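The structure under discussion appears below in the form of structure tokens.
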There are 4 protein chains.
Amino acid sequence: MIRVGIVGASGYSGMEAMRLLLRRKDIKVEAATASSSAGQRLDALAPGLAGRSDLVLEEFDAKRFEDLDLAFVALPSGEGMKVVPPLYDMGLRVIDLGGDFRLQSTQLYQQYYKLPHTAASLLGCAVYGLPELNKKTIAAARLIANPGCYATSAILGLLPALMHGIVEQKGIVITSASGTSGAGRKGSVDLSFSEVNENVKAYKVGSHQHVPEIETVLTSACKGPVTVSFVPHLLPITRGIYTTIHATLTQSIAQEDVLRLYSEYFEKAPFVRIKADIPQITSVTRTNYCDIGVYVQERTKQLIIMTVIDNLIKGAAGQAIQNMNIMLGLPEELGLES
Amino acid sequence: MIRVGIVGASGYSGMEAMRLLLRRKDIKVEAATASSSAGQRLDALAPGLAGRSDLVLEEFDAKRFEDLDLAFVALPSGEGMKVVPPLYDMGLRVIDLGGDFRLQSTQLYQQYYKLPHTAASLLGCAVYGLPELNKKTIAAARLIANPGCYATSAILGLLPALMHGIVEQKGIVITSASGTSGAGRKGSVDLSFSEVNENVKAYKVGSHQHVPEIETVLTSACKGPVTVSFVPHLLPITRGIYTTIHATLTQSIAQEDVLRLYSEYFEKAPFVRIKADIPQITSVTRTNYCDIGVYVQERTKQLIIMTVIDNLIKGAAGQAIQNMNIMLGLPEELGLES
Amino acid sequence: MIRVGIVGASGYSGMEAMRLLLRRKDIKVEAATASSSAGQRLDALAPGLAGRSDLVLEEFDAKRFEDLDLAFVALPSGEGMKVVPPLYDMGLRVIDLGGDFRLQSTQLYQQYYKLPHTAASLLGCAVYGLPELNKKTIAAARLIANPGCYATSAILGLLPALMHGIVEQKGIVITSASGTSGAGRKGSVDLSFSEVNENVKAYKVGSHQHVPEIETVLTSACKGPVTVSFVPHLLPITRGIYTTIHATLTQSIAQEDVLRLYSEYFEKAPFVRIKADIPQITSVTRTNYCDIGVYVQERTKQLIIMTVIDNLIKGAAGQAIQNMNIMLGLPEELGLES
Amino acid sequence: MIRVGIVGASGYSGMEAMRLLLRRKDIKVEAATASSSAGQRLDALAPGLAGRSDLVLEEFDAKRFEDLDLAFVALPSGEGMKVVPPLYDMGLRVIDLGGDFRLQSTQLYQQYYKLPHTAASLLGCAVYGLPELNKKTIAAARLIANPGCYATSAILGLLPALMHGIVEQKGIVITSASGTSGAGRKGSVDLSFSEVNENVKAYKVGSHQHVPEIETVLTSACKGPVTVSFVPHLLPITRGIYTTIHATLTQSIAQEDVLRLYSEYFEKAPFVRIKADIPQITSVTRTNYCDIGVYVQERTKQLIIMTVIDNLIKGAAGQAIQNMNIMLGLPEELGLES
């Protein structure tokens, strides 16, 4: 029996991790923490779990995690770096679903997260947990920086084209749209139903923290500077991200050849599906899949790439569990099948 | 030029009143107050009003209303009774969109609003502002208690049947469902898009403050005790209320006769439309109409009545303006046409 | 390995059954039929199943079902009675998700379904597949009439109160609201997003085919005539039913006693959860649960019962699989856990 | 009194034109046609108009338009070119809300609309009805090609930047997302609530008929070839378009300077509002406004432009009425104020 704990189980990502882990017979969730909801039963917060768990949320105390095998940290950025070091130091494997360990540069972190980094010494130990890119290093890692939701959708869409050099590394344009659960479980007028419904709005234009994440991961993978423009939008749906990417083709290439190239690139990736037609969000809702469609636009010499994920699964908790499986030597897909 | 002020212009009802009043050439909004948003331009809060108003929201100060003809008070229940007395004492006409002056009984008020009433001396001056019932007394009033949204939809649906004695005054069952704007403009997890979307939930079962409002208004109109059960539900739409009512028939009566009776009852009511078929919310969205459908169910000897309104218009700001028109001797429909 | 077939796999109920069955290791779906979509791959219609099934939809041919253990029939009412007889005659177990075998009276069938019944001789073999009521007869049955979605939500809510005689059998008022998937997978202006969104509308008032289903099942269970009024509404959500029931109390009884009585009644029912507070749809979405809340309203001497289900799971495909499990002597919850 | 007719009054654009015209005291709608709905009262199709119009929809017959001043043609592309010639020949002013007269090239028409053009002789008489660009020629025109909804949102966003040469004419990337009413009033599985809700999907990637419209209008305005990539997406909202544009800056320029340049360009355009912050759809819903926001992204030397419109108003019926006002020498904003 693998024994795990969840720090931040009352947010949407933490709750989704809980839901996925409760289906597992080989895993036991021993501790689940929350701040303002500490003391409440988990199934009071998530009535869908009624009858499926007796867990009571508790305030974070590192000692409670001492004997565990692995901890998921699902806290807002800035909070994760406070609890990851003590957990890591106790010898646990740690998967951080927040943004604190995704950027190796504390300067970029400060610039985009508007916070000084207080656990810089651990950055060198952190592996970027995108299994389709880093499976081997994930297997050997003790600290995983679980990728951002938008970043996952953009990087998976771009990797094959960039790695094969069929698109240029500059001038990439990414527009994404996300459901509201990506903004977390919180009460604010801007996230209220009355304001979000029947509305769409771009936000953090030019300043979203996933810009440096996308650029540094792709730059490192391609061994050359990749620059992107990224514009996220808030959508009136609960779950899901749609990402539409434009990149300039470096050569004339047929649609089928791009499809083949993408299929081959992800041949061993059980959660990426290359589509002959245009992907849609509901195909991946509540799954760990990333569906990708491509379109060669000869008229403008561009490759248009469309990807969809569920922001809480492949964009957060599902990918975290995929990383856990890899770290523990288990089949990558375990507990993520449906 | 009629000069008016709005207390609580940053909430949905206040803002909707503002929107409707800005279309009028005979009315000038001289003051608009808010608490936490004081100092902001109105069109920063309501970007849809950009280019249509230069008003800056200010903190409430009764003196600013001194020379005005009429004040709309669109504050949460409990707050209205603090500002209505000074405004009333200055000689203004006052229309209170909250619940503070709807119940003549301070005991019922305390029971359902969980607050002691602090302006009981004004209750005797307040007229219940349902024009389809009280047009004459509204015309002569200086203080209007603008009806609750659910109460409007239930009372209009029941009035003709009860007044003609075709249904019993006891055993009436009212189930209603409302869009989220009825809960006001606020940030809370329960009202967030992620929680409300794809969901329905009853609330305040057996304890909603519109129960005594519906019962006392109907009891007074019918000169006999009317009792109702009322269950409200929160819906994933922004605007609109659907109310479905069951009442026991006192006699055998044909569908067409009920339709005729309803049509006659509302003959002079420009904002009530009797439908031969089943009403739907979108027919009344952003209008001051109440659409009513009826169904005589012989099998169970019940009359089923369905009504729809826009909770922010006929259920709040539109009805308030309808009341203002009547108070000022203007055509009832002025500025409410579309 | 249990070998099953699905007739009508391209509709929402059939597709949901497929989705649930594909997770099972003990079951193999050998045949899946459709009419207009015959010849297409299943995962072209349901892109979410890409990579999980190679099935190709075929036109119905009873011979293809000859060697199978069980057939699910997920056709519109009126169509089911055409294919059930040949399947039944070949010796298969058959679970009909449509309405054709739910009413024992062909006269009621004709009245509410507006069709003559053409397979009346099989009605005597059909067992009403509500496991919480008929588990034993289901286990021995060869033909199951899977309950209607609204009927499930209403009957489960009323059974304990009626069986214990704490509410009267007459004067029961049921208002329900359903997501659009209940209307099936079809193209019609009335079901288009532009018409349904931001709207609510009652329909089939006084004439819905679940009225006789609810009444006859409850009448039979209670050994005395039960009559109900039932008003369904169409909601702008995809999945889920909210049912709010008013019944007249026959006695004074405390809320806790009703809760205890309900909990005891469903003690052995793994998919019914009695809630101390008000149920909400999202607690049961994509699960086979029915959540039930009750409120004793002393003021009007009524019991208010609120129930929620996912119309495609507990209201259709999930309940069908629950029935299959019982028929095959498997654990009732197999494959329905999450 | 101006006498007008509407061809195609049962679709969303035609109905919206009707709604807007019914508010006018200077206009009388004398004829309204429909095909399958002919013979029905207008307010049976649009229950929101109950009590506001007695019009009965009739089959199209050019003679009924003989004495009228102006006709709106709101038919699907391919149908408009059948009725416009007879109306035009009778001497009426005609505003075609479809796509048949927007492209001067019959070859491009054939390529993108997949239809041969059958009224090519009238193309020379048609003026592209974007008032912000062609006000003078509109005033003198007898046949207006009312712009496409996406095209309106893209062209208005790009015009100032292109006309001032601050962005390059090549490499422009436009991603748009539209509510479902843009697809018209029709029953199809793809537009059903169950399929659209909680979903987003790109469509017509690389082949949308607004591509040549955007390119030829901008090319003609800029006196040099403009090429764009345009990817539209379907959104789960009823009304509204969000368009996000990337264009390469030709020079270093400050955000404030771009804002000033945009404000000046649209100084005399009453329905374009330049926003200092990011626009959102709900600010323009049910209005004729186009709100525009800009962001100078120095890092990638791009100008990001975001625009929002209501696809049925500024993107269709509202713009058509704006054009009518200009053609008739009336104030441009008449009847479009709110």
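Taken together, the values in this text are just the output of simple stated rules run on the coordinates, not laboratory data. Since we're looking at a predicted model, the values are computed, not measured. Every residue, glycine among them, receives a Cβ derived from its backbone with ideal geometry; neighbour counts consider all protein chains shown.
Quick look at the values:
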quantity	calculated
Computed [θ] at 222 nm, helices only, for chain A once each DSSP H run of length n ≥ 4 contributes -39500 (n - 2.57)	-8000 deg cm²/dmol
Over 27 Å [Cα-Cα, region A:150-311], rounded percent	23 percent
Ascending list, in nanometres, of distances separating the B:Gly224 label from those of the other copies (7 Å, Cα toward Cβ)	2.9, 8.5, 8.9
Inter-centroid distance (Cα atoms) of region D:295-335 relative to region D:201-264, Å	13 Å
Square roots of five times the Cα gyration tensor eigenvalues for chain C, Å	32, 21, 20
Qualifying GluC sites (Glu not before Pro) for region B:20-127 [loop in DSSP, other Cβ within 10 Å: at most 13]	B:Glu59, B:Glu66
Selected from B:Gly78, B:Leu133, B:Ala161, residue furthest toward positive end of dipole (region B:38-162; charges at beta carbon)	B:Ala161
Relative contact order computed over region C:230-338 (Cα-Cα under 8 Å; 6+ residues apart), in percent	29 percent
Gaussian network model of chain C, springs between alpha carbon atoms under 10 Å - residue of C:Thr137, C:Thr307, C:Thr118 with greatest fluctuation	C:Thr118
Cα-projected label distance for B:Leu328 with A:Glu267, points at 7 Å along beta-carbon direction, nm	7.7 nm
Sequence-separation-based contact order of region A:150-311, relative, with Cα cut under 8 Å and 6+ spacing, percent	30 percent
Radius 14 Å from Cβ of D:Glu298, net charge of other residues (Lys, Arg +1; Asp, Glu -1)	0
Spin-label zone in region C:305-329 - amide nitrogen under 16 Å from a point set 7 Å from the Cα of C:Ala139 along the C-beta vector	C:322-329
Selected from C:Leu130, C:Leu70, C:Leu55 as most flexible by GNM, with chain C as the system and alpha-carbon contacts under 10 Å	C:Leu55
Cβ-placed point charges (K, R +1; D, E -1), dipole of chain B about Cα centre in debye, nearest 20	80 debye
Residue order, fewest to most surrounding Cβ atoms within 10 angstrom, among D:Arg260, A:Arg3	D:Arg260, A:Arg3
Order of A:Ser35, B:Ser176, C:Ser283 under a 10 Å beta carbon neighbour criterion, fewest first	A:Ser35, C:Ser283, B:Ser176
Distance (nanometres) between label positions extended 7 Å along Cα→Cβ at B:Gln110 and D:Gln110	8.6 nm
Loop-located GluC sites (Glu not before Pro) in region A:251-295, at most 16 other Cβ atoms within 10 Å (DSSP)	A:Glu267
Label spacing, shortest first and in nm, from D:Glu267 to its equivalents in the remaining copies (7 angstrom along Cα→Cβ)	6.0, 6.5, 8.5
Most mobile listed residue (B:Thr300, B:Thr152, B:Thr106) in chain B, GNM with C-alpha springs under 10 Å	B:Thr300
J(HN,Hα) series, region A:320-330, from Karplus relation 6.51 cos²θ - 1.76 cosθ + 1.60, nearest Hz, glycine and proline x	4, 6, 4, 5, 4, 4, 5, 4, 8, x, 8
Chain A: antiparallel DSSP beta bridges as a percent of all, rounded to 5	45 percent
Percent RCO, i.e. relative contact order, over region D:97-187, from Cα pairs under 8 Å lying at least 6 residues apart	25 percent
Antiparallel DSSP beta bridges within region A:150-311, as percent of all bridges there, nearest 5	70 percent
Cα-Cα over 21 Å, subset of D:Lys135/D:Lys204; B:Lys201/C:Lys186; C:Lys223/C:Lys314; B:Lys204/C:Lys204; A:Lys301/D:Lys204; D:Lys204/D:Lys301	D:Lys135/D:Lys204; B:Lys201/C:Lys186; C:Lys223/C:Lys314; B:Lys204/C:Lys204; D:Lys204/D:Lys301
Rounded D (µm²/s) - the protein assembly as shown, Kirkwood Rh over Cα pairs, Stokes-Einstein at 4 °C, 1.567 mPa s	39 µm²/s
Distances in nm from A:Asp67 to the matching label points in the other copies, shortest first (labels 7 Å along Cα to Cβ)	5.3, 7.9, 9.5
Residue order, fewest to most beta carbons within 10 Å, for D:Cys290, A:Cys125	A:Cys125, D:Cys290
Magnitude of the charge dipole, region B:191-273, Cβ model with Lys/Arg +1 and Asp/Glu -1, debye to 20	140 debye
Simple Cβ-charge dipole of the protein assembly as shown, Lys/Arg +1 and Asp/Glu -1, about Cα centre, in debye nearest 20	0 debye
